[in-house]
Amino acid sequence: MKLLPSLRQKKRYIVFEVISDKKFSSTEIEKETHQALQTFMGQLGVAKAAPMFIGKQFNPAKQRFVLKINHKHVDEAKAALTLIKKIKNTTVIIKSITTTGMIKKASKLMNEVSKK
């Protein structure tokens, strides 16, 4: 039995970019992302936000990834990930590129050149 559209969770896709001297794998970034969300939001907050790291949308060349999250917790997720300072003892900066409601638009933005 399917849920009615009005009962489904509304979701957003946030595109992030990891700025660092070193390249990281998707599993390393996913692990650190989950840890940061857990630390910042706690277990209850993570359960309500229902974050999902979308591994198929990871761009290893540009170090960009997509995080799917509940629409009410977008700002909290951005705050949690910007607080990540190190991955594998390497200093990093995690920057939010954009937030969208469609995975197709998020995947399109994965390959665009960032404006600096």
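Side notes on the structure shown:
- Filter pass, residue 80 being of a type outside the set (S, T, N, Q), farther than 16 Å from residue 9 by Cβ and within 11 Å of the chain's Cα centre (by Cα): yes
- Test: residue in region 27-49 that is surrounded by 12 or more Cβ atoms within 10 Å (Cβ to Cβ), under 12 Å from the mean Cα position of the chain (by Cα), assigned to a strand (DSSP E or B) and of a type outside the set (Lys, Arg): no
- For region 52-73, filtered to residues that are of a type in the set (D, E, K, R) and closer than 15 Å to residue 18 by Cα, the residue that is surrounded by the fewest Cβ atoms within 10 Å (Cβ to Cβ) is 62.
- Cross-chain or 6+ apart pairs with Cβ under 7 Å, region 40-68 first and more than 16 Å from residue 94 (Cβ to Cβ), then among the aliphatic types (A, V, I, L, M) and surrounded by fewer than 16 Cβ atoms within 10 Å (Cβ to Cβ): 68/52
- Test: residue in region 74-84 that is surrounded by 12 or more Cβ atoms within 10 Å (Cβ to Cβ) and out of contact with any strand residue (DSSP E or B) (no Cβ under 9 Å at 6 or more places or on another chain): yes
- The listed residue being more than 22 Å from residue 11 (Cβ to Cβ) and either in contact (Cβ under 8 Å) with a residue 12 or more places away in the chain or touching a Gly at 6+ places or on another chain (Cβ under 7 Å) (or both), out of 93, 103: 93
- Considering residues of region 85-116 that are part of a strand (DSSP E or B) and basic (Lys, Arg) only, the residue surrounded by the most Cβ atoms within 10 Å (Cβ to Cβ): 95
Values quoted throughout were computed directly from the atomic coordinates according to the rules given, and no laboratory measurement underlies them. Just so it is clear, the model here is predicted, and its values are computed rather than measured. Positions of Cβ are generated from backbone atoms using ideal geometry, with glycine treated the same way; all protein chains shown enter the neighbour counts.
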